[in-house]
1. Within region 180-196, track down each residue that is open to solvent by 40 Å² or more (accessible area, probe 1.4 Å) and either within 16 Å of residue 159 (Cβ to Cβ) or not acidic (Asp, Glu) (or both).
2. Residue 206 - would you say it is at pLDDT 90 or above and closer than 19 Å to residue 128 by Cβ?
3. Answer with yes or no whether residue 139 is more than 16 Å from the chain's Cα centre (by Cα) and at pLDDT 95 or above.
4. Residue 176: out of contact with any Pro (no Cβ under 6 Å at 6 or more places or on another chain) and without any contact (Cβ under 8 Å) to a residue 40 or more places away in the chain, yes or no?
5. Does residue 161 satisfy the condition of being over 30 Å from residue 76 (Cα atoms) and modelled with pLDDT of 90 or more?
6. Is it fair to say residue 43 is closer than 20 Å to residue 163 by Cβ and at pLDDT 95 or above?
7. Is it the case that residue 67 is closer than 21 Å to residue 157 by Cβ, at pLDDT 95 or above and either part of a strand (DSSP E or B) or open to solvent by 70 Å² or more (accessible area, probe 1.4 Å) (or both)?
8. Could you please find all residues in region 197-216 being of a type in the set (Lys, Arg) and open to solvent by less than 60 Å² (accessible area, probe 1.4 Å)?
Amino acid sequence: MVHQKSFFLFIILLFAGLTYAQEDDQEDEEYLEFNDRKNVVHGVYLGINAQFGEIDGEPTYQGGLKVAYVANQQFEVGFSGTFFYSVQDVFNSDLARDQDLIGAYGGLHLEPIFFSKSVVNLSFPLLIGAGAVGYVDDNFDDDDYELTEDDVDAIFVLEPGVSMLFNVSRYLQLEAGVKYRFSNKIDLDFSPVSRINGFSAGIGVKIGVFNMGRNRYKKNI
């Protein structure tokens with residue numbers, strides 16, 4: 001009789017143990033713990049670039065600034081501004097001196113990025129903006145020369161390009177690329193240049209945080 005009671009007690013304890021283990025396994029299956037760092041990736045940066053190109057076949061020097069937000073390391077949206085100086089040596093008969101073309105434009109910056117998980121990325125930047133252009137005396141020592149409103153005209157610019165991006169670190173990125181600038185016609189006296197269309201190539205640096213995703217853990221049923 002004692003052996004039978006002991007046997008039944010053993011069976012009850014074994015059954016209870018199996019039931020508890022099964023319930024514990026079900027609880028483990030109901031809750032999934034994972035790292036969602038790669039699911040939340042944002043960034044922001046300040047970019048500086050220098051370019052060399054041409055306008056109407058003459059050498060043109062450019063410098064620019066960018067401020068942009070980066071979504072999931074795959075798309076940029078922000079503001080970009082460019083200043084340029086083109087050595088045109090246009091002779092102004094009224095002033096009896098040579099003049100060069102100078103201008104600035106800025107606007108919306110859009111840039112889709114491909115292969116963003118690699119060290120080297122491919123991107124296609126696009127600038128849509130407006131600005132102003134005019135002629136200045138190429139003799140910077142002439143204090144009598146002043147730029148007036150009649151010497152300046154408004155411009156609208158569309159500038160697509162292609163760039164290679166080099167991910168140095170989470171906080172630093174280098175870029176090199178080629179762009180082509182389209183503009184409306186400009187109306188300036190004594191100007192042989194009707195548009196500021198032209199290619200440009202350059203390099204730049206982006207400083208910021210390109211991955212602000214947090215290393216978080218979640219439990220989902």
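1. Going through region 180-196, the residues open to solvent by 40 Å² or more (accessible area, probe 1.4 Å) turn out to be 180, 182, 184-185, 187, 189-190, 192, 194-195.
Hits for region 180-196 are 180, 182, 184, 185, 190, 192, 194, 195.
2. Working: at pLDDT 90 or above: yes; closer than 19 Å to residue 128 by Cβ: no.
The answer is no for residue 206.
3. Numbers: more than 16 Å from the chain's Cα centre (by Cα): yes; at pLDDT 95 or above: no.
No: the conditions fail for residue 139.
4. On the way: out of contact with any Pro (no Cβ under 6 Å at 6 or more places or on another chain): yes; without any contact (Cβ under 8 Å) to a residue 40 or more places away in the chain: yes.
Here the answer is yes, as residue 176 does meet what is asked.
5. Working: over 30 Å from residue 76 (Cα atoms): no; modelled with pLDDT of 90 or more: yes.
Taking the combined requirement at face value, the residue does not satisfy it.
6. On the way: closer than 20 Å to residue 163 by Cβ: yes; at pLDDT 95 or above: no.
Judged against the criteria, residue 43 is not a match.
7. Numbers: closer than 21 Å to residue 157 by Cβ: yes; at pLDDT 95 or above: yes; either part of a strand (DSSP E or B) or open to solvent by 70 Å² or more (accessible area, probe 1.4 Å) (or both): yes.
Yes; evaluated as a whole, the condition is true for this residue.
8. The first filter runs over region 197-216 and keeps only residues of a type in the set (Lys, Arg), leaving 206, 214, 216.
Once the filter is applied, which keeps residues that are of a type in the set (Lys, Arg) and open to solvent by less than 60 Å² (accessible area, probe 1.4 Å), region 197-216 yields only 206.
The values are calculated or read from the model by the stated rules, or taken from the named source; none is laboratory data. Everything quoted here is computed from the prediction, not taken from an experiment. So basically every Cβ, Gly included, is an ideal-geometry build from the backbone, and we count neighbours across all protein chains shown. Surface accessibility is based on the protein's heavy atoms, side chains included, excluding ligands, DNA and RNA. Shrake-Rupley method; radii C 1.70, N 1.55, O 1.52, S 1.80 Å.
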